[in-house]
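The values are calculated or read from the model by the stated rules, or taken from the named source; none is laboratory data. Just so we're clear, the structure is a prediction, and the values are computed from it rather than from any experiment. All Cβ positions, even for glycine, are placed from backbone atoms using ideal geometry, and neighbour counts span all protein chains on display.
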Amino acid sequence: MGAVEEFSESFTIFVKEVEPRLRHALVASLGQEEGREATAEALAYAWEHWGRLEAMENAAGYLYRVGRSRGRPRRSRPVFDPVPSRHLPEVEPGLPDALSGLSEKQRVAVVMVHAYEWSRGEAAEVLGVSVSTLDTHLQRGLAKLRDGLGVQSHA
């Protein structure tokens, strides 16, 4: 196998592993449309710089930051699609708006851990923060969501 084929194969394997997680994190951060666009931008960057990225310990976290910083200017508040009727009543219809009202760090922590079921360690790694910092964002985000949706905590 030649160098080009090895390059292409290693990049393909990386994308299959990282793309869904990267997209989830960027959608949580930026909203659905902008998050998908940022994922594409980050993966294009990864292709261009694969020789350097391949050796990184936390390439997904690096690409998360690339996706956050590249592309068109961001809206001040992310936009999430309404809850599809097939998910009612299991999903609170006010959740998209409530998520938009959280700080970016709170929203990303809550969505990654509670919606996408990432471990706290996985979410902290991609965000480039400690698990205790992630826990702080989770606690504050969940409290704000509960308050905004009028939900009582059972803790």
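A few comments on the model shown:
- Selection over segment 1-15 of residues that are out of contact with any helix residue (DSSP H, G or I) (no Cβ under 8 Å at 6 or more places or on another chain) and either surrounded by 10 or more Cβ atoms within 10 Å (Cβ to Cβ) or modelled with pLDDT of 90 or more (or both) gives a count of 5.
- Residues being within 17 Å of G35 (Cβ to Cβ) and part of a loop (DSSP other than H, G, I, E, B) - total across segment 111-121: 2
- In the set V66, V126, V108, only one residue is crowded, with 19+ Cβ neighbours inside 10 Å, modelled with pLDDT under 85, on the phi < 0 side of the Ramachandran plot and not in a loop (DSSP other than H, G, I, E, B); that residue is V126.
- Restricting V151, V126, V110 to residues that are more than 26 Å from L63 (Cα to Cα) and among the β-branched types (V, I, T) narrows the list to V151.
- Sole residue being closer than 16 Å to Q32 by Cα and out of contact with any His (no Cβ under 7 Å at 6 or more places or on another chain), chosen from L142, L149, L102, L134: L102
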